[in-house]
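Visitor: Before anything else, here's the structure in question.
The values are calculated or read from the model by the stated rules, or taken from the named source; none is laboratory data. From a predicted model like this one, the values you see are computed outputs, not experimental measurements. Here the Cβ positions follow ideal geometry from the backbone for every residue, glycine too, while neighbour counts run over all protein chains shown. What goes into the accessible areas is simple: the full protein's heavy atoms, side chains included, and nothing from ligands, DNA or RNA. Shrake-Rupley method; radii C 1.70, N 1.55, O 1.52, S 1.80 Å.
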Amino acid sequence: MTCVMSDLHGCYGKYAKMLKKIGFGEGDTLYILGDVIDRGPDGIRILLDMMGRKNVIPIIGNHESLALSSLKLIRDGASEAELCNKRRYRLWMLSDGGATAAAFRALPKETQTALTEYIESFSVYEEITAGGRRFHLSHTLPEYRPGYDIHGVTLPEFLWGEPDYETAYAPDMLFVTGHTPTHVIDPAFFGKIWYGNNHIGIDCAAAWGGRLGCLSLETMEEYYV
Ligand SMILES: [Mn+2]
């Protein structure tokens, strides 16, 4: 089974339940489309679990990108006062990064180093074939532009962009994204995976009172916790 989930946002319980529900094993591959950390309490715990699994492929989200420089400062022993002097740290704290920072601070330095290196290894996007279909997997996408070439898109657009869900970006590719909760795309889809115009939105608002969604790319079967 090849499956995708996104925007776990510290919800370790939902993550663990989902792995059990789908019977995730060594022959399976799970792509996680970013925003593992922040908002909920247990983002670091999820990252540590992911790091131990060769068949979990992480893709970077805006929360990991925003946190990374501060995580390195904490690893290198920065005090709270020093961190508060950094704009990116203040922005991270405004983005509900407090629980992530506290959990990271409590780790041994070797684990901190392993985690920052792990985040630096995250893909910007992946393109795969499953069930005879082509999929582009990324945290989000930039607005559509005529002559759009996905391979010319820069990292910030994959982290902070707002996709045009009304527009098919390519005729022969399904674009799977998180970042925007599906009920923002269509209020009728609270807690549900959304499909339209060769887009698939999989952020089912796990940390906003919704659910964690998981999609099998071979069968298009949906799973929820
Ligand atoms: Mn995001």
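Visitor: Can you give the local net charge around ASP172? Use residues other than it whose beta-carbon is closer than 11 angstrom to its beta-carbon, Lys and Arg +1, Asp and Glu -1.
Guide: Cβ neighbours under 11 Å give a net charge of +2.
Visitor: Here's a follow-up. Report, to the nearest whole %, how much of the accessible area of the chain belongs to carbon and sulfur atoms, 1.4 Å probe, protein only.
Guide: 53
Visitor: Please figure out what share of the DSSP beta bridges in the chain is antiparallel and state it in percent, rounded to the nearest 5.
Guide: Of all bridge pairs located within the chain, approximately 50 percent are antiparallel.
Visitor: Loop-only check: which GluC sites (Glu not before Pro) in segment 1-97 are DSSP coil with at most 16 other Cβ within 10 angstrom?
Guide: GLU26
Visitor: Between ASP42, ASP96, ASP28, which gets the highest mean-square fluctuation from a Gaussian network model of the chain, Cα cutoff 10 Å?
Guide: ASP28
Visitor: Something else now. What shape does segment 119-196 have by the C-alpha gyration tensor, where a ≥ b ≥ c are the square roots of the eigenvalues, rounded means a/c under 1.5, and otherwise prolate means a/b greater than b/c and oblate the rest?
Guide: rounded
Visitor: Apply the a/c threshold of 1.5 to the C-alpha gyration tensor of segment 38-129 and tell me whether it is rounded, prolate or oblate.
Guide: prolate
Visitor: Quick check: the distance between the Cα centres of segment 199-225 and segment 131-175, to the nearest angstrom?
Guide: Value for the Cα centre distance between the two parts: 19 Å.
Visitor: Let me ask something else about it. How do VAL153, VAL124 stack up against each other in accessible area, from largest to smallest, with a 1.4 angstrom probe?
Guide: So the residues, ranked largest to smallest area, are VAL124, VAL153.
Visitor: Please compute the per residue accessible area over the chain with all protein chains in place, 1.4 Å probe, rounded to a whole number of Å².
Guide: Per residue, the chain has an accessible area of 44 Å².
Visitor: In square angstrom, rounded to the nearest 10, how much accessible surface does HIS179 have for a 1.4 Å probe?
Guide: 40
Visitor: Distances longer than 22 Å among the Cα atoms of the chain: what percent of all pairs is that?
Guide: 49
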